[in-house]
Amino acid sequence: MSTPTLPPLSLPQTLDVVNVGLPLFADAVARQDVPVMQVDWRIPGGGDPRVVAALRRTFGPYAAGIDAANAEVFRRLDRGAPQLVDVLPAAQVVPVLAEGRTLLHSGPPITIERTADPLRRSMRAAACAEGWAATPEEADRMLSSGEIRIESANVHGVVVPMATSMGPTTPMWVIDLADAGIRTHAPIGQGSGDVAWFGKDSPGAIERLVLLREVAGPVLADAVRTIGPIDVMSLAAQAVAMGDDVHVRTQAATNLLLRTLLPGLVASEHPRKVEAATFLSANYLLFLTLAMAAARSLTTWAAQVEGSSVVAGMARNGTDFAAWLTGSGSTWHVTAAPPVGRALYQPGRGAADAAPDIGDSAVLELVGLGGACAAGSPAVAQMVGGTMAHAAELTEALDNVSVGNSSRFTIPVWGMRGSPVGVDVRRVVELGITPSVTTGILHVSDGSGQVGAGVAEAPIQPFIDALLELDARLTAGA
């Protein structure tokens, strides 16, 4: 029997390299003038055996149940139709505010001793506007002594932007999600300039809160009762097509809202309606808190679904960051609030002036707005590198960790695709990609207000903790 003759070995004359993992190997290949493609990769969960095991189970034997729950969560986030139905004083819609001197603040619960400077200044301004204190200094003493209680707004179904602190007379948007029997609330936006939600306790900031209570709130209430109900997400969808991300830029959405309300605003018999109109015409962020309240109604509905891996909430108070999943067994997972990066600062300001990320507005990123719509927003592009391609990177990153794409928030310059909706904690932990939140930046300590805007990258640890919690719940029920 003869042995077959093999053809001579022929080595390739050219070589293309794909490097997975550490980029230093790709750099070494590139220095030899060899084409190389770098693929970023890291061990999921930092190689923690508990995390890897949780990923194996939630993507494996538990996957069918999780995916079914995620589909229902996505349906609620994508198809729910929250309506603006009224504007009312906070004490009429938030029971805890009718129980003595209580203020609601952004983010997870916190003690007064740990509050960041911008939030504490906002609390002082709110206490003065409520008439509980004559000066910010007196308000500070009352806060320190516990005469004025502070509680997380999110705990009570309310969302507030940035360093907002609100009391019982604060005028509130009232959002009705009729399909689910859910009502959520957010305060009327304070506008820009000398304002408490930017971390100021100046006389002007206190006066603005009084203006909202006595003028803007009642006039808006007249208009909403005349015109409403108003489909909030329909206006948001139109605004996205016009270049808003409906987070750091809400000019289009605000204009659409005011156009819708115009007959009711004109019909108001309030004696100071011209003053209200002057304020509203300059408040280009008016739609922000309305969108937040609508988004909170959707995440509240989604949170009723058991066994999902979708994030139901993210909130920051300037000291802490919290994230939590859907389901009755879910708890808040808390870590330090992140800095705001990729920032565009006002002249003379820089990173040393910046407070950590703050506010409940990250709820927008969970329903397809904010960073999820960055690909279509020139305002976001300006903050993150100057080109629409830079802005698209935020949307594409979120797309990698979300369960679906919006049927209503379509982005013209992103191939008319829908923005990503429903952040899946499994994918966040597996890929190491956390949600990017477009947000404003407040001064860390001097009370001068907003110093810039940028993008905050949510910290990974709360998502890891949430994944472990989900895995434990599912394992216990298996």
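Compute the long axis of helix 63-79 from its Cα atoms, compare it with the longest principal axis of the Cα atoms of the chain, and write down the angle in degrees, 0 to 90, nearest 10. With both axes taken from Cα atoms, the answer is about 40 degrees.
Relative to the dominant Cα principal axis of the chain, helix 273-282 is inclined by about 20°.
Over all orientations, the chain has a Cα convex hull whose mean projected area works out to 29.5 square nanometres. With a simple spin-label model that places each label point 7 Å from the Cα along the Cα-to-Cβ direction, the separation between VAL210 and GLU147 comes to 2.0 nm.
Helix-only mean residue ellipticity at 222 nm, the chain, DSSP H runs n ≥ 4 weighted -39,500 (n - 2.57), per residue, nearest 500. What is it? Result for the chain, helices only: -11500 deg cm²/dmol. If you take all other residues with their beta carbon under 11 Å from the beta carbon of ARG417, and give Lys and Arg +1 and Asp and Glu -1, the sum is -2. Accessible area of the range 334-434 with a 1.4 Å probe: how many percent of it is carbon plus sulfur? Its accessible area is 54 percent carbon and sulfur atoms.
Sorted largest first by accessible area at a 1.4 angstrom probe radius, with every protein chain in place, the residues ASP86, ASP194 fall in the order ASP194, ASP86. The C-alpha atoms of the chain define a longest principal axis, and helix 286-302 lies at about 60 degrees to it.
Tell me the Kirkwood radius of the range 309-402: reciprocal of the mean inverse pair distance over distinct alpha-carbon atoms, in Å. Evaluated over the range 309-402, this radius sits at 14.6 Å.
Would you calculate the separation in nanometres between label points at ASP67 and SER328, each defined as 7 Å from the Cα along the Cα-to-beta-carbon direction? So the two model labels end up 2.7 nm from each other.
For the range 351-396, evaluate the Debye formula with one uniform point scatterer on each Cα (no solvent term) and list log10 I(q)/I(0) at q = 0.18 Å⁻¹, rounded to two decimals. Each listed q maps to, in turn, -0.60. Other residues with beta-carbon under 11 Å from the beta-carbon of PHE287 carry, at +1 per Lys or Arg and -1 per Asp or Glu, a net charge of 0.
Against the criterion of solvent-accessible heavy-atom surface with a 1.4 angstrom probe, LYS200, LYS273 sort, most first, into LYS273, LYS200. Counting only GluC sites (Glu not before Pro) that DSSP places in a loop and that have at most 12 other Cβ atoms within 10 Å, the longest clean stretch of the chain runs over 270-478. The distance linking the range 70-86 with the range 205-265 is 20 Å (Cα centroid to Cα centroid, whole angstrom).
This model, with +1 at the C-beta of Lys and Arg and -1 at the C-beta of Asp and Glu, gives the chain a dipole about its Cα centre of some 380 debye.
The values are calculated or read from the model by the stated rules, or taken from the named source; none is laboratory data. In this text the structure is predicted, and so the values were computed from the model without any measurement. When we count neighbours, we look across all protein chains shown, and the Cβ atoms used for this are built from the backbone with ideal geometry, even at glycine. These accessible areas exclude ligands, DNA and RNA; they are computed on the full protein's heavy atoms, side chains included. Shrake-Rupley method; radii C 1.70, N 1.55, O 1.52, S 1.80 Å.
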